[in-house]
Amino acid sequence: MKLYYSPGACSMAGHIVAAEGGLALDLVKVDLKTHKTETGEGFYAINPKGYVPTLGLDDGSILAENAAVLPFLGDKTGSMPKSGSMERYHTMEWIGFINSELHKSFAPLFHGAPDDQQAKAKEKILGRLNLTEDKLTGDYLMGGSFTPPDAYLYVILRWCEKMGVNISGLPRLTAFKARMAARAGVQKALKEEGL
Ligand SMILES: N[C@@H](CCC(=O)N[C@@H](CS)C(=O)NCC(=O)O)C(=O)O
């Protein structure tokens, strides 16, 4: 199975889920500015949406969107709670929250929006992270064990550091980030992405 990725981008969440579960992926780096793969293929021809994560499956089809890619890889590797359980729905709730309330709020920061819009985006992100801090009562979002949204939240916290969103007032999230960084699957994904 191929993972089309860009170093440190949201595609690293799926990369971590696979690495944590011992699933080897064929990594294909994509330049998100030129929309070309590292071997010069046009990425729009592979995924017309033009974004990562994109999985290239063994039957030749593709699967995109973190909301689908993360549960898919979690099911393949055993980190998604079982079908029909409330734990699974709450895990999906976290993926939805991180995707639409956190990830998407970074757009003004990544696209160099005017300062006032960037300040508003940072305020919104910190508000959402405060909610996360309150809910993070165990080592991981779902309590005692790693599930796919932990990988996604870790990627977001790396972005916070890069984009100047200060999480020093959020001790649980600060500890969570360090806990995640120490995991073998995270170390492997960081190394494989050259980070
Ligand atoms: N809706 C997609 C968005 C994924 C996304 O924002 N990917 C970014 C990297 S984090 C990207 O590839 N951007 C390049 C582009 O949109 O051309 C998802 O949730 O998976």
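The values are calculated or read from the model by the stated rules, or taken from the named source; none is laboratory data. Remember, it's a predicted structure, so these values are computed and weren't measured experimentally. Cβ placement follows ideal geometry from the backbone for every residue including glycine, while neighbour counts extend to all protein chains displayed. Please note that ligands, DNA and RNA were not included when accessible areas were found on the heavy atoms of the full protein model with its side chains. Shrake-Rupley method; radii C 1.70, N 1.55, O 1.52, S 1.80 Å.
Looking at segment 36-67 only, could you name the residues that are of a type outside the set (Ser, Thr, Tyr), more than 8 Å from the ligand (Cβ to nearest atom) and not in a strand (DSSP E or B)?
Glu38, Gly40, Glu41, Phe43, Ala45, Ile46, Asn47, Pro48, Leu57, Asp58, Asp59, Gly60
For Thr77, indicate whether it is among the β-branched types (Val, Ile, Thr) and open to solvent by less than 20 Å² (accessible area, probe 1.4 Å). So Thr77 fails the test. In this structure, Ile95 does not satisfy being not small (Gly, Ala, Ser) and not assigned by TED's automatic domain parsing to the domain that holds Leu141.
Please find, within segment 1-24, the residue that is farthest from the chain's Cα centre (by Cα) out of those that are closer than 12 Å to Pro53 by Cβ and either surrounded by fewer than 20 Cβ atoms within 10 Å (Cβ to Cβ) or of a type in the set (Gly, Ala, Ser) (or both). Give the derivation first.
First, pick out the residues of segment 1-24 that are closer than 12 Å to Pro53 by Cβ: 1-6, 9-18.
Still in the running and either surrounded by fewer than 20 Cβ atoms within 10 Å (Cβ to Cβ) or of a type in the set (Gly, Ala, Ser) (or both): 1-2, 6, 9, 11, 13-14, 18.
Values: Met1: 18, Lys2: 17, Ser6: 11, Ala9: 7, Ser11: 6, Ala13: 3, Gly14: 6, Ala18: 12 Å.
Once the filter is applied, the top-ranked residue is Met1.
Anything in segment 161-188 that is among the hydrophobic types (A, V, I, L, M, F, W, C), crowded, with 16+ Cβ neighbours inside 10 Å and farther than 22 Å from Pro81 by Cβ? List them, or say none. Scanning segment 161-188 gives Val165, Ile167, Leu170, Leu173.
Within segment 112-121, is there a residue that is within 14 Å of the ligand (Cβ to nearest atom) and not acidic (Asp, Glu)? Don't jump to the end; show me each part of the working.
Kept after step one, since they are within 14 Å of the ligand (Cβ to nearest atom), are these residues of segment 112-121: none.
Looking through segment 112-121, none of the residues is within 14 Å of the ligand (Cβ to nearest atom) and not acidic (Asp, Glu).
Restricting attention to segment 1-41 and to residues that are without any contact (Cβ under 8 Å) to a residue 24 or more places away in the chain and of a type in the set (Lys, Arg), the residue that is farthest from Ile95 (Cα to Cα) turns out to be Lys36.
For the condition more than 14 Å from the ligand (Cβ to nearest atom) and over 17 Å from Gly14 (Cα atoms), what is the one hit in Ser79, Ser85, Ser105?
Numbers: Ser79 fails: over 17 Å from Gly14 (Cα atoms); Ser105 fails: more than 14 Å from the ligand (Cβ to nearest atom).
From the options Ser79, Ser85, Ser105, the qualifying one is Ser85.
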